[in-house]
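The values are calculated or read from the model by the stated rules, or taken from the named source; none is laboratory data. Note that this is a predicted model, so its numbers are computed, not measured. Cβ placement follows ideal geometry from the backbone for every residue including glycine, while neighbour counts extend to all protein chains displayed.
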Amino acid sequence: MKILLIEDEPELAEVIRASLEKELYLVELAEDFESAIEKVALYEYDCILLDIMLPGGSGLDILEELKKNKIDGNVIIISAKDSLDDKLVGLELGADDYLTKPFHIAELNARIKAVFRRKNLSGENTIVTGNTVLDLNEREFKVDGSPFPLNRKEFNILNYFLVNKNRLITKNALAEHVWGDHIDQADNFDFIYYQIKNLRKKLQTSNAQIEIQSIYGVGYKLIEL
């Protein structure tokens, strides 16, 4: 899962990022209003953690920008401001949850999972397709009820494909989602071909009733067999 953390307090941002990365999330950071606006315009995220008070602007203005451009980022406001008005405005502008500082990282992690389940998985913790089950809590992939090992990148790629089953996934979208905005520094997409090739082999070896198809010159699509 790819998360954008919009937070200007360096120490808190680092604590949150380190904790979420231990949960195997891909975390990107925006420390001010301008960089946050740029990131939400250029990249897609499974969840956005949004502070209201930012250098250069308000997090509520970022919510308005998301709403105006119909971007659904699964937004959780994390703010020291605990006024009812701020909460109501944030929720009316499209935020999915509101967490007041200080908070426990465990609670934040639970809120992230809950938002993702509600929006993407109809409240479930697993994605069931054909004879396969992807368990997001245990980070386990099963075929016909038996666990089949995937490395971290393979799991994240398969998760992204399953959430977008039967949809065309471009190489750029896949790279940004799994590797983050540092993908701009890559010379080519050879690393994507390598990961997809390995994942395909594992799906075939496990007799999974799903397949990743290549759409020549564009990207990939996952289908159920």
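Is it true that some residue in segment 148-161 is closer than 19 Å to A110 by Cβ and buried (at least 19 other Cβ atoms within 10 Å of the Cβ)?
Checked against the condition, which is being closer than 19 Å to A110 by Cβ and buried (at least 19 other Cβ atoms within 10 Å of the Cβ), segment 148-161 yields at least one hit.
Checking the conditions here, which among E124, E211, E224, E176 is among the acidic types (D, E), out of contact with any helix residue (DSSP H, G or I) (no Cβ under 8 Å at 6 or more places or on another chain) and at negative phi? Only one candidate qualifies: E224. Filter segment 57-73 down to the residues that are at pLDDT below 85 and in contact with a strand residue (DSSP E or B) (Cβ under 7 Å, 6 or more places away or on another chain) and list them by number. Of everything in segment 57-73, just one residue is at pLDDT below 85 and in contact with a strand residue (DSSP E or B) (Cβ under 7 Å, 6 or more places away or on another chain), namely G73. Of the helices (runs of 4 or more DSSP H) entirely within segment 1-93, those holding at least 3 residues that are closer than 24 Å to L136 by Cβ occupy 10-22. Scanning segment 95-105 for residues that are assigned to a loop (DSSP other than H, G, I, E, B) and crowded, with 16+ Cβ neighbours inside 10 Å returns A95, D96. What's the total number of residues in segment 41-51 that are modelled with pLDDT under 90 and touching a Leu at 6+ places or on another chain (Cβ under 6 Å)? Count: 1. Would you confirm whether any residue within segment 169-187 is over 16 Å from the mean Cα position of the chain (by Cα) and modelled with pLDDT of 80 or more? There is at least one residue in segment 169-187 that is over 16 Å from the mean Cα position of the chain (by Cα) and modelled with pLDDT of 80 or more. A single member of L54, L5 is at pLDDT 90 or above, over 27 Å from Y160 (Cα atoms) and either buried (at least 21 other Cβ atoms within 10 Å of the Cβ) or hydroxyl-bearing (S, T, Y) (or both), and it is L54.
Do we find that L162 is under 16 Å from the mean Cα position of the chain (by Cα) and farther than 24 Å from Q204 by Cα in this structure? The answer is no for L162.
Taking the residues in segment 8-17 that are under 21 Å from E44 (Cα atoms) and more than 14 Å from the chain's Cα centre (by Cα) as candidates, determine which candidate is surrounded by the most Cβ atoms within 10 Å (Cβ to Cβ). Before the answer, list the steps.
Narrowing segment 8-17 to residues under 21 Å from E44 (Cα atoms): 8, 13, 16-17.
Keeping just the survivors that are more than 14 Å from the chain's Cα centre (by Cα) gives 8, 13, 16.
Working: D8: 17, A13: 19, I16: 22.
The residue in question is I16.
The residues in segment 88-107 that are more than 19 Å from L20 (Cβ to Cβ) and small (G, A, S) can be counted, and the count is 2. Do you know which residues across segment 128-151 are within 14 Å of L203 (Cβ to Cβ) and either under 17 Å from the mean Cα position of the chain (by Cα) or among the aliphatic types (A, V, I, L, M) (or both)? Selection gives V133, L134, V143, L150. Of everything in segment 137-147 that is surrounded by fewer than 19 Cβ atoms within 10 Å (Cβ to Cβ) and in contact with a Lys or Arg (Cβ under 9 Å, 6 or more places away or on another chain), the residue that is nearest to N198 (Cα to Cα) is R139. Is segment 73-83 home to any residue that is farther than 30 Å from I157 by Cα, in contact with a helix residue (DSSP H, G or I) (Cβ under 8 Å, 6 or more places away or on another chain), of a type in the set (A, V, I, L, M) and buried (at least 19 other Cβ atoms within 10 Å of the Cβ)? Among the residues of segment 73-83, not one is farther than 30 Å from I157 by Cα, in contact with a helix residue (DSSP H, G or I) (Cβ under 8 Å, 6 or more places away or on another chain), of a type in the set (A, V, I, L, M) and buried (at least 19 other Cβ atoms within 10 Å of the Cβ), which makes the answer no.
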